[in-house]
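The values are calculated or read from the model by the stated rules, or taken from the named source; none is laboratory data. All values derive from a computational prediction rather than experimental measurement. Every residue, glycine among them, receives a Cβ derived from its backbone with ideal geometry; neighbour counts consider all protein chains shown. Just the protein is used for accessible areas: all its heavy atoms, side chains included, with ligands, DNA and RNA removed. Shrake-Rupley method; radii C 1.70, N 1.55, O 1.52, S 1.80 Å.
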Amino acid sequence: MRYLVFLCTVFMLTACFRAQDSVTAVPESNTQASAFVADFEIFTLDAPIISGVAPIGWETLSTGNYVRDSENDGNTYILHFANNQQTIEESLAPILTAFEQDSLPTESTTLVTSAFEWTLYTFTYTAPDSDQPLQVDIATTANENTSFVIVMQTTPEAYTELHEMILLPSVQVFGLPPDDIRVAMGISALTPITVQQYGIDTAYPDGWQAVNPGSWSRGDLQEDPTTLIVQTSSDLSARAFRDLFAEQLAITTEGQGDTYNAPNRDWRIFTVTVSAQGIPLTWQIASAEDNQFAYLVVLLTHSDEADALLESVLLPVLDVTNPTA
């Protein structure tokens, strides 16, 4: 009876979306984090109440202000300012003083986002106690109520990549409502949960509905197949647990899968695309094991959403799935 709920979930999904036609397994590869962080989480300033995104893995100096590595790379940081009592010029005054600049550069570029038209300035700065030049970006905009400023500083060697991967995404969404930021950045808001039946702490996307313990659907399964399953086994290996799941769906996981290095364990992710009633669907099946459990985390989606939901749902869930403390 150990797998009754697990099998009920599988049978329910199978009944709604019986796989047809061919099954294709994605070739194995290895998913490793880049040297430059390009994943974000949402922050919200208190006064005024303004939201933006922070690079995951960067150290928080204060809300909205982040340094990449204070011990080894204190030269790389990004700062967000919003002020509803000062003009842009007034907000910029202490920033320019800190960089020993009398004014902003005369040359600038314009970036139009869904909410604002930003002006971007770039200049080189060398601190008085250093001989290392640093590259500085300052982005500014305002509406009738608030002035906004974003500052990023880094080394010339890192500038091009961090300008594209950190500054520009930050500018694109600063000042948007959190829900709009989640959509624009593919960030899923997750609700933490303890699944006592499986002895794990994990999370599921806000607004998704419980189907069974450890299983959540985004909507009506007759209309939207998108489903998340998080379960464990104390007596199967990761491979046996994965094979049991695949067998019930009459699909096959081939090769070694993709490797994903989560904080507490390494996962293997297998991607299988099927045709259900003429609709392309994608199973993303992640498995791992330690000395307590074999873990199985599965995401079923429409195939055209698979990549986005991998980043915004599956990988964040893998990061937080652990045995209950």
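Points worth noting:
- Members of region 237-251 that are free of Cβ contacts under 8 Å to residues at least 60 places away in the same chain, farther than 14 Å from Gln284 by Cβ and open to solvent by less than 50 Å² (accessible area, probe 1.4 Å): Ala238, Ala240, Phe241
- Index of the failed condition, Val317 passing every other in (1) assigned to a helix (DSSP H, G or I); (2) open to solvent by 10 Å² or more (accessible area, probe 1.4 Å): (2)
- Within region 275-292, being of a type in the set (A, V, I, L, M) and either open to solvent by 10 Å² or more (accessible area, probe 1.4 Å) or at pLDDT 95 or above (or both) holds for Ile279, Ile285, Ala286, Ala288.
- Single match in Ile150, Ile166, Ile181 (criterion: in a helix (DSSP H, G or I), in contact with a helix residue (DSSP H, G or I) (Cβ under 7 Å, 6 or more places away or on another chain) and in contact (Cβ under 8 Å) with a residue 40 or more places away in the chain): Ile181
- Within region 38-60, being part of a strand (DSSP E or B) and either closer than 17 Å to Thr146 by Cβ or over 21 Å from the mean Cα position of the chain (by Cα) (or both) holds for Phe43, Thr44, Ser51, Gly52.
- Region 111-129: number of residues that are open to solvent by 60 Å² or more (accessible area, probe 1.4 Å) and under 25 Å from Val183 (Cα atoms): 3
- Checking Ser103 against (1) over 19 Å from Ser170 (Cα atoms); (2) touching a helix residue (DSSP H, G or I) at 6+ places or on another chain (Cβ under 8 Å); (3) part of a strand (DSSP E or B), the condition it does not meet: (3)
- Selected residue [under 30 Å from Gln132 (Cβ atoms), modelled with pLDDT under 50 and out of contact with any Gly (no Cβ under 9 Å at 6 or more places or on another chain)] from Phe11, Phe36: Phe36
- Residues located in region 199-218, provided they are under 20 Å from Ile187 (Cβ atoms) and open to solvent by 30 Å² or more (accessible area, probe 1.4 Å): Tyr204, Asp206, Gly207, Arg218
- Residue match in region 252-263 (condition: open to solvent by 10 Å² or more (accessible area, probe 1.4 Å), modelled with pLDDT under 90, closer than 15 Å to Leu299 by Cα and of a type outside the set (Lys, Arg)): yes
- Being open to solvent by 20 Å² or more (accessible area, probe 1.4 Å) and of a type in the set (Gly, Ala, Ser) holds for only one residue in Gly52, Gly74, Gly64, and it is Gly74.
- Residue that is most open to solvent (accessible area, probe 1.4 Å), among those in region 298-310 that are closer than 30 Å to Asp235 by Cβ and hydrophobic (A, V, I, L, M, F, W, C): Leu310
- Members of region 130-141 found to be more than 28 Å from the chain's Cα centre (by Cα) and crowded, with 16+ Cβ neighbours inside 10 Å, listed by number: Leu134
- Test: Leu221 is touching a residue at least 40 places away in the same chain (Cβ under 8 Å) and part of a loop (DSSP other than H, G, I, E, B): yes
- Conditions (1) outside any strand (DSSP E or B); (2) open to solvent by less than 30 Å² (accessible area, probe 1.4 Å); (3) aliphatic (A, V, I, L, M); number of the one not met by Ile229: (1)
- Residues considered: Leu111, Leu96. Of these, the only one that is outside any loop (DSSP other than H, G, I, E, B) and under 30 Å from Asp304 (Cα atoms) is Leu111.
- Of the residues making up region 124-143, those that are more than 17 Å from Val112 (Cα to Cα) and assigned to a loop (DSSP other than H, G, I, E, B) number 6.
- Where Tyr295 falls short, out of the listed (1) open to solvent by less than 10 Å² (accessible area, probe 1.4 Å); (2) within 17 Å of Thr252 (Cβ to Cβ): (2)
- Only a single item in (1) at pLDDT 95 or above; (2) of a type in the set (S, T, N, Q); (3) open to solvent by 10 Å² or more (accessible area, probe 1.4 Å) is not met by Ser234, and it is number (1).
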